[in-house]
Every structure is written in structure tokens, then in C-alpha cells.
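S.K.: The structure follows.
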Amino acid sequence: MVKRIVVGAHYGLRDWLVQRVTAAVMAVYVLLFVLMLIVVRPAGYTDWHALFGGQAMKLATLLFFICLCLHAWIGMRDILMDYIKPVAMRLGLYLVVILSLALWAIWAAQILWSA
């Protein structure tokens, strides 16, 4: 009988699926947003403010940014795991990426609900 010892973080399938789902959500948002821009044709601040004034648009945009952050995190984590071998440096870069993505998501939410 062969004893298989599995090591590592075991992200594989889950992260592959998250990347595909987030990419699909972002693609649908971009397509719908471009269609809205073709139909509405915002010319000034008031038009843009009205476009993002509805709760549905705010939630869809926030979902887009959350998906963008998840997608970016998985990609950056994989790149750092592959190319940065010293553990302390990799963990420091993980922290920088996580904090940056979290702050950008918070900033996006603040912008969406500020007006």
C-alpha cells in the first residue's frame, strides 16, 4: 500500500473556481455597464451621479470591486508563492497586498455611498 503524504495549503480547485466565478461576474458587469453607457450617455457630473445613484447600481459596483479584490488576491498570492522564496519576505508582501486590496475595497464602498 502506498502512503501518500500531502503537503501544502491545498487551495487548488477552490481558488481555480473562485477565479473563474469572479472573472465571469466582472465580465458581466463590464458588459452591462458598457451597454448602460451606450444607452444613457452621461455627459456631466449630474448624469454620472444619477447613473450611480440607484441602490442596484451601487450594489453591483460594490460586488464588482469585491470580485476584483478576490481575483487579484488569488493571482498575487500565486505569483508570490511561485517567485518569492524567502518566507519572511513573502509574508510581508502578502500583508502589503492584503492591506492594499482591503483599503481599495473600503475606499470604493465609501465613494459609492458618500453621495
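S.K.: Applying the selection to the stretch 100-115, what residues are touching a Ser or Thr at 6+ places or on another chain (Cβ under 8 Å) and without any contact (Cβ under 8 Å) to a residue 60 or more places away in the chain?
M.R.: 108
S.K.: Here's something else I'd like to know. Does the stretch 72-95 hold any residues that are farther than 30 Å from residue 33 by Cα and either exposed (fewer than 11 other Cβ atoms within 10 Å of the Cβ) or of a type in the set (Phe, Trp, Tyr) (or both), and which are they?
M.R.: Result: 82, 83, 85, 86, 87, 88, 94, 95.
S.K.: On the basis of being farther than 21 Å from residue 111 by Cα and either modelled with pLDDT of 95 or more or not acidic (Asp, Glu) (or both), does residue 37 make the cut? Before you say what the answer is, go through the steps one by one.
M.R.: Working: farther than 21 Å from residue 111 by Cα: no; either modelled with pLDDT of 95 or more or not acidic (Asp, Glu) (or both): yes.
It is false that residue 37 is farther than 21 Å from residue 111 by Cα and either modelled with pLDDT of 95 or more or not acidic (Asp, Glu) (or both).
S.K.: While we're here: Please verify whether the stretch 77-99 includes one or more residues that are closer than 19 Å to residue 22 by Cα, without any contact (Cβ under 8 Å) to a residue 24 or more places away in the chain and hydrophobic (A, V, I, L, M, F, W, C).
M.R.: yes
S.K.: Now for a different question. Quick check on this structure: which one of 88, 56 is assigned to a helix (DSSP H, G or I) and more than 21 Å from the chain's Cα centre (by Cα)?
M.R.: Selected residue: 88, the only one of 88, 56 that is assigned to a helix (DSSP H, G or I) and more than 21 Å from the chain's Cα centre (by Cα).
Table: residues versus (1) surrounded by 11 or more Cβ atoms within 10 Å (Cβ to Cβ); (2) modelled with pLDDT under 95; (3) out of contact with any helix residue (DSSP H, G or I) (no Cβ under 6 Å at 6 or more places or on another chain).
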{"residue": "12", "(1), (2), (3)": "no, yes, yes"}
{"residue": "44", "(1), (2), (3)": "no, yes, yes"}
{"residue": "63", "(1), (2), (3)": "yes, no, yes"}
{"residue": "70", "(1), (2), (3)": "yes, no, no"}
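S.K.: Check whether at least one residue in the stretch 30-48 is under 23 Å from residue 18 (Cα atoms), under 16 Å from the mean Cα position of the chain (by Cα) and either part of a helix (DSSP H, G or I) or not small (Gly, Ala, Ser) (or both), and report yes or no. Full working, then the answer.
M.R.: To start, the set of residues in the stretch 30-48 that are under 23 Å from residue 18 (Cα atoms) comprises 30-33.
Add one more test, that the residue is under 16 Å from the mean Cα position of the chain (by Cα), and what stays is 30.
Remaining after also requiring either part of a helix (DSSP H, G or I) or not small (Gly, Ala, Ser) (or both): 30.
Yes, the stretch 30-48 contains a residue that is under 23 Å from residue 18 (Cα atoms), under 16 Å from the mean Cα position of the chain (by Cα) and either part of a helix (DSSP H, G or I) or not small (Gly, Ala, Ser) (or both).
The values are calculated or read from the model by the stated rules, or taken from the named source; none is laboratory data. As the structure is a prediction and not an experimental result, all values here were calculated from the model. Cβ: placed from backbone, ideal geometry, glycine included. Neighbour counts: every protein chain shown.
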